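K.L.:
Shown below is the structure under consideration.
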Amino acid sequence: MRDICVIRDDSSENLAMIGEILGAAGVNIEGLSYTTCNGQSVIHFVVEDAITARHVLEDAGIKIRAVSEVFVLHKDKKRVTGKPGSFGGICRLLAENEIRIEFGYPAENNRFVFGVDNVKRAQELLG
């Protein structure tokens with residue numbers, strides 16, 4: 001999976017437009033983070049088919065800020081779903097191993113997406 005980051009002028013149309021474009025191309029958004037700050041929208045979303053997603057979004061005039069490999073934590077497989085403190089423990093493990101978290105957000109099917117500076121090492125520790 002890949003995270004796609006888009007930064008646009010803040011508009012209530014941003015998510016609708018991205019969702020419609022990707023949906024028409026058969027690309028499913030499996031997780032998403034949306035934040036506004038100082039008139040800008042920062043949108044992160046994770047997809048399986050980043051090549052198609054990038055192509056159709058750029059064809060529609062949407063500039064892609066970054067496409068990143070991500071670590072996807074399967075919370076049920078790690079048996080951390082609904083356990084208070086488990087998220088802090090996961091983040092502590094990454095920090096203690098000098099893995100910097102750049103962004104994160106929940107995804108479908110009880111998963112959590114981590115944008116980290118060392119995906120391979122995060123997979124070794126938590127995969």
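The values are calculated or read from the model by the stated rules, or taken from the named source; none is laboratory data. This one's a predicted model, so the numbers in the text were calculated from it and none came from an experiment. Cβ coordinates were reconstructed from backbone atoms using ideal geometry, including for glycine residues, and neighbour counts include every protein chain displayed. In case anyone asks, the SASA skips ligands and DNA or RNA and just uses the protein heavy atoms, side chains included. Shrake-Rupley method; radii C 1.70, N 1.55, O 1.52, S 1.80 Å.
K.L.:
Quick one: among LYS75, LYS83, LYS63, which has the greatest mean-square fluctuation in a GNM of the chain with alpha-carbon springs under 10 angstrom?
P.N.:
LYS83
K.L.:
If only Cα atoms are counted, what is the Rg of segment 1-86, and what is its Dmax, in Å?
P.N.:
My reading of the Cα-based Rg and Dmax gives 14.5, 44 Å.
K.L.:
Count the net charge of all other residues whose Cβ sits under 11 Å from the Cβ of ASP49, scoring Lys and Arg as +1 and Asp and Glu as -1.
P.N.:
Numbers: positive: ARG2, ARG54; negative: GLU30, GLU48.
So the environment of ASP49 carries a net charge of 0.
K.L.:
Label GLU69 and THR52 with points 7 Å out from Cα along Cα→Cβ: what is the distance between them in nm?
P.N.:
2.3
K.L.:
Report, please, the projected area of segment 55-127 averaged over directions, based on the convex hull of its C-alpha atoms, in nm².
P.N.:
Working: hull surface 23.0 nm².
Across all orientations, segment 55-127 yields a mean hull projection of 5.7 nm².
K.L.:
At 222 nm, what value in deg cm²/dmol follows for the chain if DSSP H runs of at least 4 each add -39500 (n - 2.57) and the sum is divided by all its residues, to the nearest 500?
P.N.:
On the way: 4 runs with 40 residues, N = 127.
Estimated from H runs of four or more residues: -9000 deg cm²/dmol.
K.L.:
Under the rule of at least 5 residues apart or a separate chain, name every residue whose amide H is placed under 5 Å from the amide H of ASP10.
P.N.:
GLN40, SER41
K.L.:
List every residue whose amide H lies under 5 Å from the amide H of ALA107, counting only residues 5 or more places away in sequence or on a different chain, with H placed 1.01 Å from N in the peptide plane.
P.N.:
Sorted by chain and number, the residues that satisfy this are PHE112, VAL113.
K.L.:
How many percent of the accessible area of the chain is carbon or sulfur, using a 1.4 Å probe?
P.N.:
Values: 3390 of 7310 Å².
Answer for the chain: carbon and sulfur cover 46 percent of the accessible area.
K.L.:
Keeping every protein chain present and rolling a 1.4 Å probe, give me the accessible area per residue for segment 11-127 in Å².
P.N.:
Details: 6840 Å² over 117 residues.
I get 58 Å² per residue for this part.
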